[in-house]
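Bear in mind that the values in this text are calculations on the coordinates, not laboratory data. Worth saying up front: this structure is predicted, and the values here are computed from it rather than measured. Ideal geometry is used to build each Cβ from the backbone, glycine not excepted, and the neighbour counts take in all protein chains shown.
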Amino acid sequence: MEADKAGGPDDRLKALAARQWRDYQRVSPGSAFADPRLSLTLEEAYTVQREVARARCIGGDAIIGYKVGCTSPGIKEQFGTSGPIHGCLFRSELRRSGQTLCHGSFANLAIEGEMALRIGADGTIVAAFPVIELHQFVFRAPRKTLTELVANNGINAGVVLPKESVMKPLARWTNAHTLSVAINGTVVDAGALWATPGGPVEVLDWLINELARFGAALKLGDLVLAGTPLGLYPVEPSDHVVVSIDGKEHVDCHII
């Protein structure tokens with residue numbers, strides 16, 4: 001599959017992107033991947049991701065940052081290849097700590113606890129803080145692949161942000177040790193704050209270089225989800241999710 005002569009996506013990728021956006025609006029993401037004949041390269045999957053993002057912005061939404069995913073140790077086993085990957089974050093899908101989420105508004109809602117970054121001038125990190133990442137945990141193909149993951153925007157469905165008082169300079173977390181996720185009062189996972197040996201600086205450097213390949217760049221105020229060593233957990237109505245650092249609760253949401 002080749003790009004058209006103007007350098008944009010070909011008609012097949014445009015059609016797939018339009019279908020992806022319709023599916024997402026219907027809360028039934030990625031239906032095309034149920035077809036075993038569908039085959040994409042990773043670059044084509046990113047093209048689809050960008051086309052869907054463009055359609056969303058034309059419709060009145062806005063990209064307010066990016067997620068970095070597939071940074072945990074188990075990713076090679078799960079997807080058959082190594083990440084990381086990136087996806088877009090949208091203004092319409094930001095939530096605040098304590099907010100109640102409707103389970104039926106998502107397709108197989110799942111959550112991750114992870115650290116996020118706020119970007120300042122010249123790509124600097126002006127704040128770091130824990131968040132709850134929301135996911136549409138749906139894969140249609142018989143085997144999970146990075147191409148389906150990327151074309152579905154890293155299965156991201158939003159972010160629950162903590163209060164502004166939790167958004168501290170990066171140095172504030174230097175002596176912090178454990179990021180944990182609790183569901184209904186039971187800790188289901190815990191581990192290091194950062195998923196990579198080089199921490200947030202390594203992740204940010206990778207993302208900056210990755211975005212440059214597509215002619216994009218971080219902007220002042222952007223939000224970056226830095227990946228997590230923790231797992232992905234489906235949630236159900238009546239669940240209460242809390243993300244803590246060293247036992248102190250910082251961000252939560254309720255599911256109905």
Checklist entry - For labels at Arg96 and Lys219 in the simple 7 Å Cα→Cβ model, what's the distance in nm? => result 2.3
Checklist outcome for this item: Quick P(r) readout (the stretch 39-158; Cα-Cα; 10 Å bins; whole %) gives 12, 41, 37, 10, 0
Checklist entry - By DSSP, what percent of the beta bridges with both residues in the chain are antiparallel, rounded to the nearest 5? => result 85
Item to check | Residue-span extension gain [Asp10 to Gln25] - 0.36 nm each, minus C-alpha spacing | outcome: 3.1 nm
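Calculated FRET efficiency, His240 and Ala62, Cβ-Cβ r, R0 35 Å, to nearest 0.05?
Result of the calculation: an efficiency of 0.70.
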Next on the checklist: Report, in listed order, any pair from Lys168/Lys219; Lys144/Lys168; Lys14/Lys67; Lys163/Lys219; Lys14/Lys168 with a Cα-Cα distance greater than 30 Å.
Outcome noted: Lys144/Lys168; Lys14/Lys168
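For the stretch 8-73, what ratio Rg/Rh do Cα atoms give with a Kirkwood hydrodynamic radius?
Working: Rg = 12.8 Å, Rh = 13.0 Å.
Result: Rg/Rh = 0.98.
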Item to check | Under the Karplus curve 6.51 cos²θ - 1.76 cosθ + 1.60, θ = phi - 60°, whole-Hz ³J(HN,Hα) for the stretch 85-90, x wherever Gly or Pro sits | outcome: 10, 10, x, 9, 10, 10
Checklist outcome for this item: Going residue by residue through the stretch 243-252, the Karplus relation 6.51 cos²θ - 1.76 cosθ + 1.60 with θ = phi - 60° gives ³J(HN,Hα) values, rounded to whole Hz and with x marking Gly or Pro, of 10, 10, 10, 6, x, 9, 6, 10, 8, 8
Checklist entry - What is the ratio of the Cα radius of gyration of the stretch 11-255 to 2.2 N^0.38 Å, where N is its residue count, to two decimals? => result 0.96
Next on the checklist: Can you give me the long-range amide H partners of His135? Hydrogens built in the peptide plane at 1.01 Å from N, cutoff under 5 Å, separation of 5 or more residues or another chain.
Outcome noted: Ala110, Ala157
Checklist entry - Relative to the longest principal axis of the chain, what angle (0 to 90°, nearest 10) does the C-alpha long axis of helix 199-213 take? => result 20
Checklist outcome for this item: For Thr186 and Arg172, extending 7 Å from Cα along the Cα-Cβ vector and measuring point to point gives, in nm, a value of 3.2
Checklist outcome for this item: Calc'd 3J(HN,Hα), the stretch 124-131, phi into Karplus 6.51 cos²θ - 1.76 cosθ + 1.60 (θ = phi - 60°), Hz, glycine/Pro = x, comes to 6, 9, 9, 7, 9, 5, x, 9
Checklist entry - Can you list residues whose amide H is under 5 Å from Gln99's amide H, if they're 5+ apart or on another chain and H is modeled 1.01 Å from N? => result His254
Item to check | Structure-based [θ]222 nm, the chain - -39500 (n - 2.57) summed over DSSP H runs of at least 4, per residue, nearest 500 | outcome: -7000 deg cm²/dmol
Checklist entry - If one takes the longest principal axis of the Cα atoms in the chain, at what angle in degrees, from 0 to 90 and to the nearest 10, does the Cα axis of helix 42-58 lie? => result 80
